[in-house]
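Chemist: Below you will find the structure I want to go over with you.
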Amino acid sequence: MQQRQRRVLGVDPGLTRCGVGVVEGVPGRPCVMVDYTVIGSDPDADLADRLLHLDRNLAELIARHQPESVAVERVFSQHNVRTVMGTAQAAAVAVLAAARAGLPVRTYTPSEVKAAVTGSGQADKKQVTTMVTRLLRLDAPPRPADAADALALAICHIWRGGTRDRLSEAIRAAKGRQ
């Protein structure tokens, strides 16, 4: 059975720098990079304005690229509570933007993403960027690292999340027929 190409928008959440990458592919095959960017916000701006800025930009990117699903890095515990709070807020905005567009959302831990693209859940940022560059056959590494991480999330989802998406679609379709 031939699997069809899937388009995924990956989000490496952050309030100051939120990486976004769009990738197309099928499990087990090389993926193709469609686009990547980093949505920035002024750390001195009001929190509500920063979150609204992120939401508007993500909504615009979803509308422009028409992904079939969204992959967001799952927030993990950090020593800096202020940093983890901002990351969690940005992740929630990404999940909400996807849900508002009617898209399925999957979250992945940093270790899951690293293992998917490098083969090791302990890989460092440089190794992830190197593998993303190779896997997508890019001429130069995506910069900054937030963009490379977002592309890695999208690749991870295509390779690991495709089955989950098909199951979710089947469940949604079955509920719609009831």
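The values are calculated or read from the model by the stated rules, or taken from the named source; none is laboratory data. What you are looking at is a predicted structure, and each value in this text was computed from that prediction instead of being measured. Using ideal geometry, Cβ is built from the backbone for each residue, glycine included, and neighbour counts are taken over all protein chains shown. Note: accessible area is taken over every heavy atom of the protein model, side chains too, but ligands, DNA and RNA are not part of it. Shrake-Rupley method; radii C 1.70, N 1.55, O 1.52, S 1.80 Å.
Chemist: Run lengths n ≥ 4 of DSSP H only: what is the helix-derived mean residue ellipticity at 222 nm for the chain, with -39500 (n - 2.57) per run over all residues, to the nearest 500?
Modeler: On the way: 6 runs with 87 residues, N = 178.
Taken over the chain, the calculation gives -16000 deg cm²/dmol.
Chemist: Turning to a different aspect of this structure: If the cut-off is 19 Å between C-alpha atoms, which aspartates and glutamates fall inside it for residue 114, apart from same-chain ones fewer than 8 positions away?
Modeler: By straight Cα distance, residue 114 reaches 12, 24, 73, 124, 146, 149.
Chemist: Follow-up question, since we're still on this one. Calculate the translational D of the stretch 69-116 in whole µm² s⁻¹ from Stokes-Einstein, where the hydrodynamic radius comes from the Kirkwood formula applied to all Cα pairs, the temperature is 4 °C and the viscosity 1.567 mPa s. Intermediate values should be presented prior to the final figure.
Modeler: Numbers: Rh = 11.4 Å.
Stokes-Einstein gives a translational diffusion coefficient of 113 µm²/s.
Chemist: Take the alpha carbon atoms of the stretch 1-76, find their center, do the same for the stretch 111-151, and report the distance between the two centers in whole angstrom.
Modeler: The two parts, judged by their Cα centres, are 15 Å apart.
Chemist: Between residue 130 and residue 84, what's the calculated FRET efficiency when r is the beta-carbon distance and R0 is 30 Å? Round to 0.05.
Modeler: Working: r = 27 Å, r/R0 = 0.89.
Efficiency, from the Cβ-Cβ distance: 0.65.
Chemist: Could you size up the charge dipole of the stretch 1-79 around its Cα centre, putting +1 on the beta carbon of Lys and Arg and -1 on that of Asp and Glu, and report it in debye to the nearest 20? If you can, show how the numbers build up before the last one.
Modeler: On the way: 9 positive and 11 negative charges, 106 e Å.
The dipole magnitude comes to about 520 debye.
Chemist: Residue 120 versus residue 92, label points 7 Å from Cα toward the beta carbon: distance in nm?
Modeler: 3.6
Chemist: Right, another one. Before I look further, what does the chain give for accessible area per residue, probe 1.4 Å, in whole square angstrom? Write down the numbers at each step before the final one.
Modeler: Numbers: 9450 Å² over 178 residues.
Roughly 53 Å² per residue, with all protein chains present.
Chemist: So what does the Cα-only Debye profile of the chain read at q = 0.18 Å⁻¹, as log10 I(q)/I(0), no solvent term?
Modeler: So the normalised log intensities are -1.14.
Chemist: Okay, next question. Give me the percent of the accessible area of the stretch 16-56 that comes from carbon and sulfur atoms, probe 1.4 Å, all protein chains in place. Mind showing how you got there, number by number?
Modeler: Values: 1040 of 2130 Å².
For the stretch 16-56, the apolar C and S fraction of the accessible surface comes to 49 percent.
Chemist: Right, next: Give me the dipole magnitude in Debye, nearest 20, for the stretch 1-156 about the Cα centre, with unit charges on the beta carbon: positive for Lys and Arg, negative for Asp and Glu.
Modeler: Computed about the Cα centre, the dipole is about 540 debye.
Chemist: Share of antiparallel DSSP beta bridges in the stretch 1-121, in percent to the nearest 5? Before the final figure, lay out each step's value.
Modeler: Working: 15 of 23 bridges.
Given both bridge residues lie in the stretch 1-121, the antiparallel proportion sits at roughly 65 percent.
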